[in-house]
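The values are calculated or read from the model by the stated rules, or taken from the named source; none is laboratory data. These figures come from a predicted structure and were not determined experimentally. Don't worry about glycine lacking a Cβ; one is built from the backbone with ideal geometry, like all the others, and counts go over all protein chains shown.
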Amino acid sequence: KNLHGKAWAQLGTSGGGNHFVEWGIIDFAERDEVLNIDKGRYVALLTHSGSRGFGATIAGHYTKLAKDICKLPREAVNLAYLDLNTAEGQEYWIAMNLAGDYASACHEVIHKRLTKAIGAKVLAKVENHHNFAWKETLNGEEVIVHRKGATPAGEGVMGIIPGSMTAPGFLVKGKGEASSINSASHGAGRLMSRTKAIQSITKSDMKAILKDHNVTLIGAGLDEAPMAYKDINKVMAAQPDLVDVIAKFEPKMVRMADDGSRED
């Protein structure tokens with residue numbers, strides 16, 4: 001309850017780090033029956049953000065609680081956990097899911113505000129969580145699957161795999177590959193740490209690549225420069241057994257926090 005004010009104040013915001021809001025063009029090579037979208041090119045809005053300070057506070061509180069309850073050797077202290085058969089575990093599970101719902105609400109508010117501002121008609125919407133935990137059945141047993149930096153890719157499950165501010169993102173459909181725990185990559189992944197990117201990439205480098213790709217950028221630090229990320233096309237080529245590509249998204253206008261802050 002004491003987080004209500006913070007949650008309300010940050011509702012509909014993206015936060016820092018690699019969180020973004022992008023307008024672009026999405027290309028469907030063929031009709032998709034699930035989304036009821038015909039073959040063609042469409043204006044699309046893509047957002048990446050989380051549960052903001054609300055979720056971060058929840059995570060911090062229960063991480064400390066887990067370390068207090070689950071005593072592990074120093075080298076394994078960050079692997080502390082809460083048993084779901086305890087009151088603390090159930091309390092965290094409820095709080096985590098509430099944070100997930102809040103993150104979803106943030107996306108919904110951002111999308112509604114922007115589509116209303118330009119008078120757009122929404123034809124389809126796809127959303128997926130990451131950095132989250134799910135109850136799933138694997139090999140006939142109910143387990144908790146934590147996808148850190150991974151996208152759910154169960155059979156028929158729609159997902160989004162972004163590249164960078166100048167590289168394409170992909171709308172995908174999962175194939176349900178059990179050996180990958182029904183998961184695929186969350187994005188391209190970093191090629192450089194934030195520190196290395198800031199030290200090795202110049203503002204002129206950034207401006208040049210944005211110009212080459214005809215991308216308008218608002219905000220963002222050098223730590224989020226396209227060169228700091230892996231080649232998304234190579235990443236996608238490495239996981240054809242995990243997902244099918246439904247459509248390709250090309251970013252054209254990108255908004256990010258401009259202070260190089262950590263994601264929240």
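Remarks
- Residue that is farthest from M253 (Cα to Cα), among those in region 38-63 that are in contact with a Gly (Cβ under 6 Å, 6 or more places away or on another chain) and at pLDDT below 95: R52
- Taking every residue in region 164-176 that is on the phi > 0 side of the Ramachandran plot and pairing it with any residue that is buried (at least 22 other Cβ atoms within 10 Å of the Cβ), at least 6 positions away or on another chain, the pairs with Cβ-Cβ distances below 8 Å are G176/A153; G176/N182.
- Looking only at region 80-93, and only at residues there that are crowded, with 16+ Cβ neighbours inside 10 Å and aromatic (F, W, Y), the one that is nearest to K1 (Cα to Cα): Y92
- Residue selected from region 187-200 under the condition crowded, with 20+ Cβ neighbours inside 10 Å and part of a loop (DSSP other than H, G, I, E, B), by the criterion farthest from the chain's Cα centre (by Cα): A188
- Among the residues making up region 201-231, those that are surrounded by 13 or more Cβ atoms within 10 Å (Cβ to Cβ) and either assigned to a loop (DSSP other than H, G, I, E, B) or on the phi > 0 side of the Ramachandran plot (or both) are I201, H213, V215, G219, A220, G221, A225, K230, D231.
- Answer residue from region 234-258, given it is within 21 Å of C106 (Cα to Cα) and assigned to a loop (DSSP other than H, G, I, E, B) and is modelled with the highest pLDDT among those: A257
- Filter pass, L171 being farther than 27 Å from T57 by Cβ and either at pLDDT below 95 or touching a Ser or Thr at 6+ places or on another chain (Cβ under 6 Å) (or both): no
- Some residue of region 56-79 being out of contact with any Asp or Glu (no Cβ under 9 Å at 6 or more places or on another chain), surrounded by 14 or more Cβ atoms within 10 Å (Cβ to Cβ), hydroxyl-bearing (S, T, Y) and within 19 Å of A133 (Cβ to Cβ): yes
- Residues (under 16 Å from E155 (Cα atoms) and among the aliphatic types (A, V, I, L, M)) located in region 174-190: A178, I181, A184
- Residue in region 240-247 that is within 17 Å of the chain's Cα centre (by Cα) and under 25 Å from K39 (Cα atoms) present: yes
- In region 171-205, the residues that are touching a Phe, Trp or Tyr at 6+ places or on another chain (Cβ under 7 Å) and under 24 Å from V43 (Cα atoms): L171, A188
- Matching residues, region 25-44, being surrounded by 15 or more Cβ atoms within 10 Å (Cβ to Cβ) and assigned to a loop (DSSP other than H, G, I, E, B): L35
- L35 being at pLDDT 95 or above and touching a helix residue (DSSP H, G or I) at 6+ places or on another chain (Cβ under 9 Å): no
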